[in-house]
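Here the structure comes first, spelled out in structure tokens, and everything after it is commentary.
None of the figures in this text is laboratory data; all of them are computed from the coordinates on show. Worth saying up front: this structure is predicted, and the values here are computed from it rather than measured. Note that each Cβ is placed from the backbone with ideal geometry, even for glycine, and that neighbours are counted across all protein chains shown.
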Amino acid sequence: TRGLSRSTNAMVRTRVILNVYDLNEANEVLSSMGLGLYHSGVEIDRREYSYAPTVGIYDSPPRTVANFRGSVDLGEFEGGRERLARALE
């Protein structure tokens, strides 16, 4: 069954977090005006997924990019590692 763990037959739920990073020191001023230059990564199952034009989608440990600004909880992903891997293909 889609999204179900074969071993327990229970829905696998994983928290999804958007991590935001400052790309420029000017964000200290610009953010008060609702502006800025940012990088973001989506954290799922203790890995953070980001995009760069030269490499495409890549993963890294969460919140390790310099100038971490904050996180936004996006809810839960219903599916395990296999489903996540298929989504990233």
(message) Would you report the distance distribution of C-alpha pairs in the chain as whole percents per 5 angstrom bin, up to the bin with the largest distance?
(response) 3, 13, 19, 20, 15, 12, 8, 5, 2, 2, 0
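Would you please put 50-56, 73-79, 23-29 in order of how densely packed they are, using the mean number of other Cβ atoms within 10 angstrom per residue and starting with the highest?
Listed from highest to lowest mean packing, they are 73-79, 23-29, 50-56.
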(request) Would you mind counting up the charge near residue 70? Only other residues with Cβ under 13 Å from its Cβ, with Lys and Arg at +1 and Asp and Glu at -1. (result) -1
(request) Treat every Asp and Glu Cβ in the chain as -1 and every Lys and Arg Cβ as +1, leave all other atoms uncharged, and give the resulting dipole magnitude about the Cα centre to the nearest 20 debye. (result) 480 debye
(request) Find, among the trypsin sites (Lys or Arg not before Pro) in segment 30-89, those assigned to loop by DSSP (not H, G, I, E, B) with at most 13 other beta-carbon atoms within 10 angstrom. (result) 46
(request) Provide the descending list of Cα extents for segment 41-89 along its principal axes, expressed in whole angstroms. (result) 31, 27, 14
(message) Can you compute 3J(HN,Hα) from phi for each residue in segment 66-82, using the Karplus curve 6.51 cos²θ - 1.76 cosθ + 1.60 with θ = phi - 60°, rounded to whole Hz and x for Gly and Pro?
(response) 4, 6, 4, 9, x, 10, 10, 6, 9, x, 10, 9, 9, x, x, 4, 5
